Amino acid sequence: MFSGKDVYMYCTGGIRCERGSAYLKQKGICKNIYQLQGGIHRYMEEFPDGLFRGKLFVFDNRYTVKSNDDVIADCTYCGRPWDKYSPCSSIHCHQLVLSCDRCRQEHHLTACCNECQAKGDAGEETEQCSCTRRRTRIPREL
Ligand SMILES: [Zn+2]
Ligand SMILES: [Zn+2]
Ligand SMILES: [Zn+2]
């Protein structure tokens, strides 16, 4: 898939790219490997009016940081534009949910999946929600 190609990598903070490009270099299959130093995070700081659209996911309770107001994600339930994460309402679940105000208020859809929605606060502690396995993996494994 990378054989003989120029590869350009970027990630949130530039750390995973560092590892990823080291791995590809070691394999020696692609022509050139470039990476975005400091990741999208640095890019947004240096180029607030740059090409990055939408919000950047961060691993703390801000969930996202932004340099523009574009909303490029959708509500999981109704598909309307929505990009504010909240924790799944099932008490032991660690998933984040994109569920819009309307779905929350009118349909009480506050969980990551139907299973969690039904469990509410009666859920048991598990490492992963059962819906995690059903999600598409990116990049797709060939
Ligand atoms: Zn919705
Ligand atoms: Zn859940
Ligand atoms: Zn779930």
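Summary table
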quantity: One residue from Ala73, Ala118 being within 27 Å of Phe52 (Cα to Cα) and either within 16 Å of ligand 1 (Cβ to nearest atom) or among the aliphatic types (A, V, I, L, M) (or both); calculated: Ala73
quantity: Selection within region 1-51 - of a type in the set (D, E, K, R) and over 17 Å from Lys66 (Cβ atoms); calculated: Lys5, Asp6, Arg16, Glu18, Arg19, Lys25, Lys27, Lys31
quantity: Filter result for Cys88 (within 9 Å of ligand 2 (Cβ to nearest atom), touching a residue at least 40 places away in the same chain (Cβ under 8 Å) and touching a helix residue (DSSP H, G or I) at 6+ places or on another chain (Cβ under 8 Å)); calculated: yes
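Residues checked against (1) within 21 Å of Met44 (Cβ to Cβ); (2) exposed (fewer than 14 other Cβ atoms within 10 Å of the Cβ):
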site: Val65; (1), (2): yes, no
site: Ala73; (1), (2): yes, no
site: Tyr85; (1), (2): yes, no
site: Ser89; (1), (2): no, no
site: Gln105; (1), (2): no, yes
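Read-outs throughout are calculated quantities, based only on the coordinates presented, and are distinct from any laboratory measurement. Quick caveat, the model's predicted, so the values are computed rather than measured. Glycine gets a Cβ as well: all are built from the backbone with ideal geometry, and neighbour counts include every protein chain shown.
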